[in-house]
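Read the structure below first, then the notes.
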Amino acid sequence: MNAGVKVFAPASVANVAVGYDILGFALEKPGDEVIVRFKEEPGLVITSITGGQLPYELEKNTAGFAAKQFLNKIGKNNVGIEMEIRKKMPFGSGLGSSAASAVAGVFAVNELLKRPMTKRELLEFAVAGEQIADGAWHADNVAPSLLGGIVLIRDNKTLDVHRLPTPRGLYATVVYPEIEILTSASRAVLSDQVPLSKCIEQSGNLAGFIIGLMHSDFDLISRSLNDVIIEPQRATLIPNFYEVKNAAIEAGALGCSISGAGPSIFALSNNSLKAQAAGEAMQAIFAKAKIESKIFVSKINQEGAIKF
Ligand code: HSE
């Protein structure tokens, strides 16, 4: 009998201000854990879920669905496997919670079966798993959670994904105000019309951000971290958003915007002290508004999903 495999998949920040649906990075914590073991009876089942209310049906569970799609693809859906899911982060937080579960589910099963696929090849199954959560096909949380680092998705349809360099000293701060925003609701507020002038501005910022990463040019990163398309449309969903953002910048952060679909807010800084100071300044604004919040400060996680 197999002792089983335990894996961790990290939270992630999607969009990173200037790359809606096409840019994301992984955090060191929090993250979800999945344990898988062989069992006698054929088929995959979820036997335990802790840390949140989630469906046990494979078709409705991001981890279960990702793993099931993978097993179908490799013709192993008759292998008996039981899965335990340990949610270690909130849903609807903007931290890529459903993506981390999807990644952990498929990554764990691949490890249990002695890696029939590379990590990179697992991406499509994890994206399919996450799609259950918000109905949309985008890899900006899943790709960094699986692969680690800062990831650009040139094209979501073909999953043409590319790791970008992480400058030494770059730190992320994420402040999670304890209110829930469903990704589907946060996507629904967005207009599908973008004025050409905004498109030009955002393209410049995206390119500038990438060049800034490549050259460790923190001033350029700072000038570029300016979302002129999505943030103005979503800011009203998050109480005190602009005050929190200003507090982060005043505390020395390079830039600050909404993490994924919100309500979490992220900042990037060029050292850990500024990252911590930014987090505390952001949290103080929420505290003044009587909103509980949690701070996560970390380097950019370069490993992504790991077995431990
Ligand atoms: N790019 C996505 C969004 C991330 O902002 O809606 C959350 O799933």
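Relative to the dominant Cα principal axis of the chain, helix 97-112 is inclined by about 40°.
Geometric descriptor of the chain, per residue, is 116 Å³ (volume of the convex hull of the Cα atoms).
Cα centroid separation, the stretch 166-211 to the stretch 227-278: 10 Å. A cut-off of 5 Å between modelled amide H atoms, ignoring neighbours fewer than 5 places along the same chain, links residue 39 with 80, 81, 82. Note on the chain: antiparallel DSSP beta bridges, both residues inside, total approximately 85 percent of the bridges counted.
Bridges between two residues of the stretch 1-137, per DSSP, are antiparallel at a rate of about 70%.
Can you tell me the orientation of helix 62-73 relative to the chain, as the angle in degrees between its alpha-carbon axis and the longest Cα principal axis, to the nearest 10? Roughly 50 degrees, rounded to the nearest 10. Largest GNM mean-square fluctuation among 152, 213, 268, using the chain with Cα springs under 10 Å: 213. What FRET efficiency comes out for residue 178 versus residue 235 if R0 is 22 angstrom and r is the Cβ-Cβ distance? Round to the nearest 0.05. Efficiency, rounded to the nearest 0.05: 0.75.
Site pair residue 57 and residue 189 shows an inter-label distance of 3.1 nm when each label is modelled 7 Å from Cα along Cα→Cβ. Rolling a 1.4 Å probe across all protein chains gives residue 86 an accessible area of roughly 70 Å².
Summed over qualifying helices (DSSP H, 4 residues or more, each -39500 (n - 2.57)) and divided by its residue number, the chain shows a 222 nm mean residue ellipticity of -11000 deg cm²/dmol. Legend: calculated FRET efficiency, residue 211 to residue 306, from the Cβ-Cβ distance at R0 = 35 Å, rounded to 0.05, equals 0.70. The stretch between residue 136 and residue 299, if pulled fully straight at 0.36 nm per residue, gains 55.8 nm over its current Cα-Cα span. DSSP beta bridges confined to the stretch 171-299 are antiparallel in about 100 percent of cases. When the chain is modelled as a GNM with alpha-carbon springs shorter than 10 Å, which of 282, 83, 214 fluctuates the most? In this elastic network of the chain, the residue with the biggest mean-square fluctuation among 282, 83, 214 is 214.
What pairs in 29/73; 60/245; 198/288; 88/290 have C-alpha atoms more than 27 Å from each other? In this structure, 29/73; 60/245; 198/288 lie more than 27 Å apart at Cα. Legend: residues 256, 199, sorted from most to least accessible area (1.4 Å probe; ligands, DNA and RNA excluded), read 199, 256.
The values are calculated or read from the model by the stated rules, or taken from the named source; none is laboratory data. These numbers come from a predicted model, not from an experiment. Don't worry about glycine lacking a Cβ; one is built from the backbone with ideal geometry, like all the others, and counts go over all protein chains shown. Surface areas here come from the heavy atoms of the whole protein model, side chains and all, with no ligands, DNA or RNA. Shrake-Rupley method; radii C 1.70, N 1.55, O 1.52, S 1.80 Å.
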